[in-house]
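S.K.: Quick one: structure below, then a few questions.
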Amino acid sequence: MPAEDEVRAAARQFYAALNSVLNGDAGPMADVWSRGTDATTMHPIGGRQVGWDQVWDSWQQVARIASSGSVALGDQLIRVIGDAAYELGTERVDATLAGNPVRREVRVTNVYRREAGALRIVHHHADVAPEMQGSLGAGSS
């Protein structure tokens, strides 16, 4: 399979997992992420998570406050560099977070790395969305 097609396939898996998170189920996210201490994410809700444990905890927190959500990647640009790749694009989010409807477009960068023969996501960064900030605090108890 050509390298860019492999990245597209990994991206489809990541966005399927992200859609699951936005509907309350973080489980599929564990299948697509690197488990490395160098895994990182910066969500539109704010903050920065470093290492698989923090990344995984953040996805679980989002799943606890999310419902009726969907996200789609548009304007995808892929670059492959050896056993790594990155993609840029725009996420179109339509979700409910902590009871509040959110409809937003955010710019996104995802980084993938080959691990044990498969591409795994090692970094996800989306623009901060002011209407999403504070959502975790509102949904935690």
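Any read-out appearing in this document is the output of simple, stated calculations on the displayed coordinates, not a laboratory observation. Not measured: the values here are computed from a predicted model. Reconstructed Cβ throughout: ideal geometry from the backbone, glycine too, with neighbour counts over all protein chains shown.
S.K.: Can you run phi through the Karplus equation (6.51, -1.76, 1.60; θ = phi - 60°) for segment 82-94 and list ³J(HN,Hα) in whole Hz, with x for Gly and Pro?
M.R.: Running phi through 6.51 cos²θ - 1.76 cosθ + 1.60 with θ = phi - 60° gives x, 8, 10, 7, 9, 9, 10, x, 10, 8, 9, 9, 9 Hz.
S.K.: Given Phe14, Val122, Gly46, which one lies farthest toward the positive end of the charge dipole of segment 1-137, if we put +1 on the Cβ of every Lys and Arg and -1 on the Cβ of every Asp and Glu?
M.R.: It is Gly46.
S.K.: Whole-Hz ³J(HN,Hα) for each residue in segment 35-52, computed from phi via Karplus 6.51 cos²θ - 1.76 cosθ + 1.60 with θ = phi - 60°, x for glycine and proline: what do you get?
M.R.: Result, ordered by residue: 9, x, 6, 9, 5, 9, 8, 9, 7, x, 7, x, x, 9, 10, 10, x, 3 Hz.
S.K.: Spelling out what I want: for every residue of segment 53-64, take phi, set θ = phi - 60°, compute 6.51 cos²θ - 1.76 cosθ + 1.60 (Karplus), and round to whole Hz; glycine and proline get x.
M.R.: Couplings: 4, 5, 4, 4, 4, 5, 5, 5, 5, 4, 4, 5 Hz.
S.K.: By how many nm would the segment from Val128 to Thr109 lengthen if fully extended, with 0.36 nm per residue of separation less the alpha-carbon distance?
M.R.: 5.6 nm
S.K.: Taking the Cα centre of the chain as origin and charging only Cβ (+1 Lys, Arg; -1 Asp, Glu), how large is the dipole, in debye to the nearest 20?
M.R.: Computed charge dipole of the chain: roughly 120 debye.
S.K.: Return the distance in nm (one decimal) between the two label points of a simple spin-label model at Ile81 and Asp94, each offset 7 Å from Cα along Cα→Cβ.
M.R.: In this crude label model, Ile81 to Asp94 measures out at 3.6 nm.
S.K.: For the chain, what is one quarter of the convex hull surface built on the Cα atoms, given in nm²?
M.R.: Values: hull surface 30.6 nm².
It is 7.6 nm².
S.K.: A further question on this structure: Out of all DSSP beta bridges in the chain, what portion is antiparallel? Express it as a percent rounded to 5.
M.R.: 90
S.K.: Pull out the extension gain between Arg35 and Gln54, defined as 0.36 nm times the separation in residues minus the alpha carbon to alpha carbon distance; nm, one decimal.
M.R.: Additional length available on full extension: 5.8 nm.
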